[in-house]
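Peer 1: Here it is: the structure, laid out below.
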Amino acid sequence: MEKCDVVVVGGGISGMAFAWKAAQSGREVLLLERSDRLGGCLHSHRLDDGFWFEMGAHTTYNSYSGLLEIAAATGATDNLIPRGPARAQFGLLHRGEYSWLTPPRLLLKFSWIGILFSFPFGILRGKEKKTMSEYYGGLLGRGNYERFLRPFLAAVPSQSADGFPAAGPGSLFKKRTRREEYPRSFGFEGGLQSVCEKAAGTANLTVKRGVEVEGILPGAEGFTVKASGGSEYKADVVSVAAPLPAAISLLRDDFSALAATLGEVETVDIESVGVVLPREKCWMPEIAFLVPTDDIFWSAVTRDPFPDLERRAFAFHFKPGHSREEKLRRMAEILKVDAGELEGAVEKRLSIPAPARGHGELIAKIDVGLSSVPWRLALTGNYFQGLAIEDCIQRSFEECARVLSPEIS
Ligand SMILES: Cc1cc2nc3c(=O)[nH]c(=O)nc-3n(C[C@H](O)[C@H](O)[C@H](O)COP(=O)(O)OP(=O)(O)OC[C@H]3O[C@@H](n4cnc5c(N)ncnc54)[C@H](O)[C@@H]3O)c2cc1C
């Protein structure tokens, strides 16, 4: 049986951030990832000749200080590329009509009478304890919210954002300090996944791919982690950085109260389909994304902010419950190509959290349960502070500091 100081379950950005921080502190860290690919939702699909596009997360900002800290320390910033002009162009599909917009042009579509009446009261009422729909509807007027803002907000978490908390844990937008020495929004050559791949090369960190953790057993001398293929690992610290449903199932037997509290966080499924097309077959202007007001998909995200001379790529994020044929048919209609052009389309299915009002209280309850566990067990992921990459990283850094603290015995 192998022994190490820390075992991390999951090689998405949450697990990698935790593993990187723990390895920096000199601990011997083992990260186990179920898939053959590192990155989880940072999923940069790559063709044999190196062309890539994002099937999952696509945008990072210079306010993501934790991501930049990891990227700078691992050399990933050498391959940092600013997002080009298409980042500020987007499409709105409403009742079969396409509008090509920039943020100022979107503002011109709003009813200003609605804003004049609503804004002063909306601002005074503030965000605290409000849902997105209550806060932004109150700020811009209900009509403006429903006609224009709602589809854009839903495109961010690929689900209705109406019930998300407007502020605090689980909220979509947070004020963070920008690192002005980096471009405002950027990606990396090879895609965002390359940050996780670079971090895997950190000293003191061993990464095993294609290994699924099946059980976490607490004992008198720390943990025994059971994994696929009958492998077992001993560690003083375990950090569970798997998606919420997987975390619940790993904790159900030995940490049942904690697992039950985690079960109170709702999740939704997203089905993504990505395709690469020759540039000459694409009719749309270069845009960062297309958002429909009412359709079977939440958004279609492009690679246009990193333009390629010959090809363009589109990742459609669908509502669950549609067949592959239905999805490809709708993509062919939107892209105005024959369905045969989409044969090479790649698919991905994910479950992501749907935070609601009271998410902060729920997280506090999880943390109380976690701190009363008499082992060094850490929990991190996108179901704590929020879905954003930086929310995941900050949670991981905080959890790492907590469980490695000498005060926990
Ligand atoms: C379509 C989409 C677009 C997004 N766009 C953005 C964006 O533009 N900007 C932004 O900031 N955020 C974005 N996000 C959110 C962000 O990407 C995610 O919330 C974040 O990457 C989640 O990271 P994670 O490590 O917590 O989970 P995951 O990325 O899901 O990683 C968990 C990992 O655990 C592994 N795993 C699961 N079970 C086991 C097991 N039993 N044993 C071992 N390994 C296991 C999985 O294979 C996976 O690799 C987007 C998310 C999606 C889905």
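The values are calculated or read from the model by the stated rules, or taken from the named source; none is laboratory data. These figures come from a predicted structure and were not determined experimentally. Don't worry about glycine lacking a Cβ; one is built from the backbone with ideal geometry, like all the others, and counts go over all protein chains shown.
Peer 1: When you go through Gly91, Gly84, Gly75 one by one, which is the residue that is small (Gly, Ala, Ser), away from the ligand (no atom under 15 Å from the Cβ) and surrounded by 20 or more Cβ atoms within 10 Å (Cβ to Cβ)? Walk me through it before giving the result.
Peer 2: Numbers: Gly84 fails: surrounded by 20 or more Cβ atoms within 10 Å (Cβ to Cβ); Gly75 fails: surrounded by 20 or more Cβ atoms within 10 Å (Cβ to Cβ).
Residue meeting the stated conditions: Gly91.
Peer 1: Which residue pairs have Cβ atoms under 6 Å apart, sit 6 or more places apart or on different chains, and have a first residue in the stretch 259-277 that is under 12 Å from Ala247 (Cβ atoms) and a second that is in a strand (DSSP E or B) and within 10 Å of the ligand (Cβ to nearest atom)?
Peer 2: Once the first residue is under 12 Å from Ala247 (Cβ atoms) and sits in the stretch 259-277, its partners that are in a strand (DSSP E or B) and within 10 Å of the ligand (Cβ to nearest atom) give Val265/Pro353; Thr267/Ser351; Thr267/Pro353.
Peer 1: Right, next: Return the residues of the stretch 246-258 that are without any contact (Cβ under 8 Å) to a residue 24 or more places away in the chain and in contact with a helix residue (DSSP H, G or I) (Cβ under 7 Å, 6 or more places away or on another chain); say none if nothing qualifies.
Peer 2: Correct list: Ile248, Arg252.
Peer 1: Counting only residues that are surrounded by 14 or more Cβ atoms within 10 Å (Cβ to Cβ) and of a type outside the set (Lys, Arg), which one in the stretch 250-262 is farthest from the ligand (Cβ to nearest atom)?
Peer 2: Restricting to residues being surrounded by 14 or more Cβ atoms within 10 Å (Cβ to Cβ) and of a type outside the set (Lys, Arg), the top hit is Thr261.
Matching residues to (1) within 18 Å of Phe53 (Cβ to Cβ); (2) within 13 Å of the ligand (Cβ to nearest atom); (3) in contact with a strand residue (DSSP E or B) (Cβ under 6 Å, 6 or more places away or on another chain):
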| residue | (1), (2), (3) |
| --- | --- |
| Pro320 | no, yes, yes |
| Met331 | yes, no, yes |
| Leu335 | yes, no, no |
| Glu341 | yes, no, no |
| Leu350 | yes, yes, yes |
| Ala354 | no, yes, yes |
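Peer 1: To continue, here is another question. Of the residues in the stretch 276-308, how many are within 30 Å of Ser323 (Cβ to Cβ) and touching an Asp or Glu at 6+ places or on another chain (Cβ under 8 Å)?
Peer 2: Of the residues in that region, 11 qualify.
Peer 1: Right, next: Does Ser44 count as of a type in the set (Gly, Ala, Ser), in contact with a helix residue (DSSP H, G or I) (Cβ under 8 Å, 6 or more places away or on another chain) and more than 21 Å from Val301 (Cβ to Cβ)?
Peer 2: Here the answer is no, as Ser44 does not meet what is asked.
Peer 1: Mind telling me which of the residues Ala235, Ala203 ends up being in a strand (DSSP E or B), over 28 Å from Gly321 (Cβ atoms) and small (Gly, Ala, Ser)? Give the steps one after another, and end with the answer.
Peer 2: Numbers: Ala203 fails: in a strand (DSSP E or B).
Just one listed residue meets the conditions, Ala235.
Peer 1: Still on this model: Considering (1) part of a helix (DSSP H, G or I); (2) surrounded by 14 or more Cβ atoms within 10 Å (Cβ to Cβ); (3) outside the structural domain of Leu290 (by TED's automatic domain parsing), say which one Val368 fails and leave the rest.
Peer 2: Failed condition: (2).
Peer 1: Sticking with this structure for a sec: Whether any residue in the stretch 315-329 is crowded, with 22+ Cβ neighbours inside 10 Å, in contact with a Leu (Cβ under 7 Å, 6 or more places away or on another chain) and modelled with pLDDT of 95 or more is what I want to check.
Peer 2: Scanning the stretch 315-329 turns up no residue that is crowded, with 22+ Cβ neighbours inside 10 Å, in contact with a Leu (Cβ under 7 Å, 6 or more places away or on another chain) and modelled with pLDDT of 95 or more.
Peer 1: While we're on this one: Determine whether Lys365 is under 27 Å from Ala154 (Cα atoms) and touching a residue at least 24 places away in the same chain (Cβ under 8 Å).
Peer 2: no
Peer 1: Can you name the residue in the stretch 1-21 that is among the small types (Gly, Ala, Ser) and part of a loop (DSSP other than H, G, I, E, B) and is also nearest to the ligand (Cβ to nearest atom) among such residues?
Peer 2: Per the stated criteria, the residue is Gly10.
Peer 1: Would you check which residues across the stretch 98-115 are under 15 Å from Tyr145 (Cα atoms) and of a type in the set (Ser, Thr, Tyr) and list them?
Peer 2: Ser111
Peer 1: Tell me yes or no: at least one residue of the stretch 156-178 is in the same structural domain as Ile363 (by TED's automatic domain parsing), surrounded by fewer than 23 Cβ atoms within 10 Å (Cβ to Cβ) and part of a loop (DSSP other than H, G, I, E, B).
Peer 2: no
Peer 1: Among the residues of the stretch 119-138, write down those that are in contact with a Phe, Trp or Tyr (Cβ under 8 Å, 6 or more places away or on another chain) and buried (at least 21 other Cβ atoms within 10 Å of the Cβ).
Peer 2: The answer is Met132, Tyr136, Gly137, Gly138.
Peer 1: Something else about it: If you scan the stretch 22-56, which residues turn out to be assigned to a loop (DSSP other than H, G, I, E, B), among the aliphatic types (A, V, I, L, M) and within 12 Å of the ligand (Cβ to nearest atom)? Outline the logic, then answer.
Peer 2: Filtering the stretch 22-56 for residues assigned to a loop (DSSP other than H, G, I, E, B) gives 25-28, 34-38, 40-43, 47-51, 55-56.
Add one more test, that the residue is among the aliphatic types (A, V, I, L, M), and what stays is 38, 42, 47, 55.
Within the stretch 22-56, Leu38, Leu42, Met55 qualify.
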